[in-house]
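Undergrad: I have a structure I would like to understand better, so I am pasting it below and will then ask my questions one at a time.
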Amino acid sequence: MMTSNDRNISFLKMHGLGNDFVIIDSRDKNINLSVHAIRKLGDRNFGVGFDQLAIIQNSEGSDAHLTFFNSDGSSSATCGNATRCIANFLMKEIKKDEIDLATDHVKLKAKRETDGSVSVNMGLPEIHWQKIPLSEEVDTLFLPIHGEPTATSMGNPHCSFFVDSLDQVNVEAEGAKIENHPLFPQKTNVQFVSVISECRLRVRVWERGVGVTKASGSSACAAVAASVRRQITGNKVHVDLDGGTLVVNYKDDGMWMNGPTMHVFDGQLNTQFLDSVYEK
């Protein structure tokens with residue numbers, strides 16, 4: 001729950017290819033938001049609106065600790081695009097070109113490339129059924145679901161369908177159905193993947209706890225991990241999402257994901273809004 005000491009909460013609004021975030025810097029004061037408050041803040045009509053909320057906190061052994069929430073108030077262990085946006089913000093602040101960021105899933109490395117873009121190492125994908133996790137032991141490369149998708153964890157569960165044409169996929173209907181499939185006890189993100197070439201994928205994303213989203217860094221990585229396992233693509237792949245293109249490079253030390261970031265504006269939550277969520 002929030003307390004009166006948390007009044008006048010400042011935030012940053014950022015996006016990576018239209019995958020948008022509210023970022024709250026909690027390094028100087030402790031800010032704890034209830035599920036109700038996160039849902040209200042994430043509502044695009046009654047709050048600010050976001051795909052994910054990220055909280056920046058102090059960390060021993062890393063430059064910062066990041067905690068992520070979806071717009072429905074549920075927690076998310078990782079968010080690649082938000083991590084890139086925050087890394088860009090922090091690298092400017094502390095005047096470094098490489099930083100370490102701790103999350104609830106893993107410690108991530110981020111760096112600024114020579115062209116000014118930001119790359120983050122999302123770690124290696126997990127493909128064992130218990131690590132994803134799935135509710136029963138099955139072949140994670142070809143799940144026993146219509147369409148035989150591939151399951152992957154990038155710190156959060158993913159289900160990747162390979163299709164001939166995205167025009168024939170109702171992403172909203174199919175994504176909502178698969179998100180809640182009983183094979184995924186923690187629900188799942190869903191990707192619909194069309195192969196363009198050995199180095200290019202077209203991907204549409206249904207994000208767990210959010211819905212259809214313009215882009216998702218962890219989904220891009222999961223789609224590439226699945227395509228490499230299926231021997232469809234090479235290790236470096238351009239992933240075309242609704243909001244633009246990310247480049248994923250699957251290396252021995254992890255999946256490096258690169259793309260643009262945008263800091264849109266800074267804002268402050270006023271007392272009237274905060275009072276409305278304190279009451280819950």
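The values are calculated or read from the model by the stated rules, or taken from the named source; none is laboratory data. On a predicted model such as this, the values are computed, not experimentally measured, just so you know. For neighbour counting, all protein chains shown are included, and Cβ atoms are generated from backbone atoms with ideal geometry for every residue, glycine included.
Undergrad: Name the one entry in Asp240, Asp266 that is at pLDDT 95 or above, surrounded by 14 or more Cβ atoms within 10 Å (Cβ to Cβ) and not aliphatic (A, V, I, L, M).
TA: Values: Asp266 fails: surrounded by 14 or more Cβ atoms within 10 Å (Cβ to Cβ).
Going through Asp240, Asp266 in turn, just one is at pLDDT 95 or above, surrounded by 14 or more Cβ atoms within 10 Å (Cβ to Cβ) and not aliphatic (A, V, I, L, M): Asp240.
Undergrad: May I pose another question? Take the residues in region 246-263 that are within 15 Å of the chain's Cα centre (by Cα) and of a type in the set (S, T, N, Q), then tell me which one is modelled with the highest pLDDT.
TA: Ranking the candidates gives Asn258 first.
Undergrad: Counting only residues that are closer than 16 Å to Gly80 by Cβ and of a type outside the set (S, T, N, Q), which one in region 191-205 is nearest to the chain's Cα centre (by Cα)? Reasoning before the result, please.
TA: Pass one, region 191-205, residues closer than 16 Å to Gly80 by Cβ: 191, 201, 203, 205.
Filter once more, so that each one left must be of a type outside the set (S, T, N, Q): 201, 203, 205.
Values: Leu201: 18, Val203: 15, Val205: 11 Å.
Checking each candidate, the answer is Val205.
Undergrad: Working carefully through the options Asp20, Asp25, find the one that is surrounded by 14 or more Cβ atoms within 10 Å (Cβ to Cβ) and touching an Asp or Glu at 6+ places or on another chain (Cβ under 8 Å). Spell out the reasoning first.
TA: Details: Asp25 fails: touching an Asp or Glu at 6+ places or on another chain (Cβ under 8 Å).
Being surrounded by 14 or more Cβ atoms within 10 Å (Cβ to Cβ) and touching an Asp or Glu at 6+ places or on another chain (Cβ under 8 Å) holds for just one of Asp20, Asp25, which is Asp20.
Undergrad: Okay, next question. With the requirement that a residue be of a type in the set (Asp, Glu) and in contact (Cβ under 8 Å) with a residue 24 or more places away in the chain, what does region 107-127 give you?
TA: Going residue by residue through region 107-127, those that are of a type in the set (Asp, Glu) are 113, 115, 126.
Matches in region 107-127: Glu113, Glu126.
Undergrad: Still on this structure, I have one more. Go through (1) in the same structural domain as Ala173 (by TED's automatic domain parsing); (2) buried (at least 19 other Cβ atoms within 10 Å of the Cβ); (3) in contact (Cβ under 8 Å) with a residue 40 or more places away in the chain; (4) more than 18 Å from the chain's Cα centre (by Cα) for Ala225 and report which single condition fails.
TA: (4)
Undergrad: If you don't mind, another one. Suppose we keep only residues that are surrounded by 12 or more Cβ atoms within 10 Å (Cβ to Cβ) and aliphatic (A, V, I, L, M) within region 85-99. Which one would you say is nearest to His15 (Cα to Cα)?
TA: Applying the filter and picking the extreme gives Ile86.
Undergrad: Which one of these does Ser197 not meet: (1) among the hydroxyl-bearing types (Ser, Thr, Tyr); (2) surrounded by fewer than 17 Cβ atoms within 10 Å (Cβ to Cβ); (3) within 19 Å of Ser135 (Cβ to Cβ)?
TA: Result: Ser197 passes all but (3).
Undergrad: Next up: Considering only residues of region 207-219 that are assigned to a strand (DSSP E or B) and not small (Gly, Ala, Ser), which is surrounded by the most Cβ atoms within 10 Å (Cβ to Cβ)? Walk me through it before giving the result.
TA: First, pick out the residues of region 207-219 that are assigned to a strand (DSSP E or B): 207, 211-213.
Next, only the ones that are not small (Gly, Ala, Ser) stay: 207, 212-213.
Values: Glu207: 27, Val212: 14, Thr213: 24.
Out of the qualifying residues, it is Glu207.
Undergrad: I need the full set of residues from region 109-128 which are more than 11 Å from Asn88 (Cα to Cα) and of a type in the set (Ser, Thr, Tyr), in order please.
TA: Thr114
Undergrad: In region 188-206, is there at least one residue being over 20 Å from Leu17 (Cα atoms), assigned to a strand (DSSP E or B), modelled with pLDDT of 95 or more and touching a Leu at 6+ places or on another chain (Cβ under 7 Å)?
TA: Looking through region 188-206, at least one residue is over 20 Å from Leu17 (Cα atoms), assigned to a strand (DSSP E or B), modelled with pLDDT of 95 or more and touching a Leu at 6+ places or on another chain (Cβ under 7 Å).
Condition check ((1) surrounded by fewer than 19 Cβ atoms within 10 Å (Cβ to Cβ); (2) closer than 19 Å to Asn249 by Cβ) across all residues:
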{"site": "Asn70", "(1), (2)": "no, no"}
{"site": "Leu101", "(1), (2)": "no, yes"}
{"site": "Val106", "(1), (2)": "yes, yes"}
{"site": "Asp115", "(1), (2)": "yes, yes"}
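Undergrad: Could you please find all residues in region 28-68 being crowded, with 23+ Cβ neighbours inside 10 Å and in contact with an Asp or Glu (Cβ under 6 Å, 6 or more places away or on another chain)?
TA: Phe50, Asp51
Undergrad: If you don't mind, there's one more thing I want to ask. Please state which of the following conditions Ile145 fails to meet, knowing it meets all the rest: (1) crowded, with 23+ Cβ neighbours inside 10 Å; (2) among the β-branched types (Val, Ile, Thr); (3) without any contact (Cβ under 8 Å) to a residue 40 or more places away in the chain.
TA: (1)
The rows are residues; the columns are (1) surrounded by 17 or more Cβ atoms within 10 Å (Cβ to Cβ); (2) among the polar types (S, T, N, Q); (3) in the same structural domain as Thr213 (by TED's automatic domain parsing).
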residue	(1), (2), (3)
Met154	yes, no, yes
Cys159	yes, no, yes
Asp164	no, no, yes
Ala173	no, no, yes
Asn180	no, yes, yes
Pro185	no, no, yes
